[in-house]
Amino acid sequence: MVNKFTKFKIFLIFLVFVACVYGICFRLYNYQIVQHEEIYESTLRKTMLTYTQTASRGTIYDRNGVPLVSNEIGFQVAFDYYFWEKDRQNEVILQLCALMAETGQAFNDTLPITASAPFAFTNANADNKYYNQLMSYVSEQKGWDDNLNAHEIMTKLIEKYDIADTYTSIEKRIIVGVRYDMEHQGFSSYSPYIFADEVPIETVSKISEASMFFPGVTINEVETRSYRTIHAAHILGRVGKIWKEEWDDYKEKGYSMNDIVGKDGAEKAFEEYLRPIDGTFGLETDIDGFSSAVTTLDEPQPGKDVYLTIDIEMQAVAERALVEVTEQIKEKSKYNKNGAGHDAAGGACVVIDIDSGEILALASSPTYNLATFNADYNDLYSDPLTPMVNRAIAGLYPPGSIFKMVSALASLEEGIVTPYTKILDEGVYRYYAPSYTPACWVWNDYGRTHGAINVSEAIKYSCNYFFYETSRIMGIETLNSYAKKFGLGQKTGIELSGELKGRLAGPENRKEDNPWQPGETIQAAIGQSEHQFTPVQLASYIASLINGGTRYQTHLLKSVKSYDGKETYLDDNISIIDTVEISEESLEAIKRGMLGATTDDGTASSVFADYPIKVGGKTGSAQTKRGSSAHGTFLSFAPYDNPEIAVCVIIEHAGSGGAVAPVVREVYDYYFGLE
């Protein structure tokens, strides 16, 4: 018989059992019905893949908002390390290069060795980047002789890359070129190798169709630089991959190895503004590979837009005028005395805003096309006229008589002469006779003299005798102290890389065994001797003189704005380097002389006598090596009564300064709307 206590225990156990069953059922219901989706998703294996979101490089505009360099979508052919079949790579490379050749498409090959046997260096000199890279590579290889010739280097590389003897010498060279480039660019799991840039869609399609034959070869859709003008190549510059020797510097600035950076010109000078910063996003995928969520990790930051000080239309006028006038000079040389100008060649034209130091045009001739630079490189490099040299900032020239305004100012400000003092030109200067008797140009050419003339007339007629006498009295130290105030023999600070300092003639630059002689001062005073200046230096000098003595920082950067134009980061980039005390009386005397040079019977009157705008100018003929025509130089400013711009033009071996003055007239025609 069951007692009451036993019944109670059974009942209690039953209640516990029912509670447990209820609890289990409740939890099962909650898991399977209420939280089904959430729990189901959490049970799936998920993977987060991180991808780069490319940002656009900033656009480059001229001062008027005309786009000069922007971006467009293009294609790259690259090698992916993870899928690259190393045992077949020579075969794949050769097949891919053959396909590229069929479509006329270039690919990256920086090995400076000829394309076929007998192998030789293509550019074996210390100025060639690719030759220096190869020699550095050779020296780094253990057991390789630094004095190996091109054929011996090829033999070493063929062996290193295990290239079979069954290939022809041309095929071996193709494979070696690509393999060498792959090695030099650090091809690895962290760094894909870019085989070809700017590949047209037709070539991309052919590669894609034959993809089974090209394991590890991928097509990347990328933004490339689009050049919206054929002008200003030396100013705008190029972009490219980070070179191995540059990596340490860029790495510290947060770049990745495959980033594109400015290599020269404005692209390099303003890299800090133009540089984009790529973003990253995460793509979450499930066990079946289906995407389930996209998460932005870092927002991409487009590069800022850069506005230059140049007027691209004026730049085009200057470039065209340099070419046309050079050809005219050579044609007219047939009728000149001694054929002066028959060897006219390259030159430069710099236009500067007198009251800000802004460069409105910076032309160098000959020039090149940025859009076809890679394809044209070998021809450009071997061209004896050196079109890749920016003569405006890296061409060094004796100034000739355009230096005489410095000599005039020094003599006036130092009290050697007044604006009304007259000096008698006797033709031959005999102070240092009999050992040294230089003559005025008018005596050498016509057997006559300028007579008694003042400083303004000496500038107008470019009288050497006048400046021989005044410079002898003042001495080289005084003369050079004024030249330095105007920045001659010093870098202007223009943002482009490659600017040269030049040289100011005088005892400072002489060695002890070659002391400066007093008689050399009178040649320095007329712009000869050892003076070597750049066109941009000379433009800055005349602008500083004509504005009354304020030397502005010469610059190309006008402003920097956000890609949408809503924010301005920099505007009116103007700064003063130095000031020169110039009396109004001295400045007016010099300006009168420069006005006289372009009017009446002045040295440039044939070009500007009938010009509707009053122009100040000064011609120069700078002597060069024996047997060559003199360089033609011309400095000018306008309008005369209220100067706004100054222009410097130099054409190599033009024969005279008057011969190059038409370039300046064309610049003024554009600026004043007289075309």
Inset, instruction - Residue by residue through the stretch 108-121, note down the ones that are buried (at least 17 other Cβ atoms within 10 Å of the Cβ) and over 24 Å from the mean Cα position of the chain (by Cα). - result: I113, F119, F121
Legend entry - Top-ranked residue of the stretch 234-264 - restricted to ones that are among the small types (G, A, S) and out of contact with any Gly (no Cβ under 8 Å at 6 or more places or on another chain), ranked as surrounded by the fewest Cβ atoms within 10 Å (Cβ to Cβ): G254
Inset, instruction - Name, by its number, the condition in (1) polar (S, T, N, Q); (2) free of Cβ contacts under 8 Å to residues at least 60 places away in the same chain; (3) under 27 Å from T367 (Cβ atoms) that does not hold for S205. - result: (3)
Inset, instruction - Would you check which residues across the stretch 637-675 are in a loop (DSSP other than H, G, I, E, B) and of a type in the set (A, V, I, L, M) and list them? - result: A654, L674
Legend entry - Residues that are acidic (D, E) and closer than 16 Å to P399 by Cβ, drawn from the stretch 627-665: E652
Legend entry - Hits in the stretch 565-585 (condition: under 24 Å from Y307 (Cα atoms) and over 26 Å from the mean Cα position of the chain (by Cα)): K566, E567
Inset, instruction - Output the residue which, of all residues in the stretch 441-466 that are within 27 Å of N338 (Cα to Cα) and under 41 Å from the mean Cα position of the chain (by Cα), is surrounded by the most Cβ atoms within 10 Å (Cβ to Cβ). - result: I459
Inset, instruction - Select, from G627, G602, G593, G617, the only residue that is in a helix (DSSP H, G or I) and within 30 Å of N336 (Cβ to Cβ). - result: G593
Inset, instruction - Only one of these is buried (at least 19 other Cβ atoms within 10 Å of the Cβ) and either modelled with pLDDT of 90 or more or within 16 Å of Y167 (Cβ to Cβ) (or both): Q105, Q95, Q89. Name it. - result: Q89
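The values are calculated or read from the model by the stated rules, or taken from the named source; none is laboratory data. The structure displayed is predicted, hence computed values, not measured ones. With ideal geometry, Cβ positions are generated from the backbone for all residues, glycine too; neighbour counts draw on all protein chains shown.
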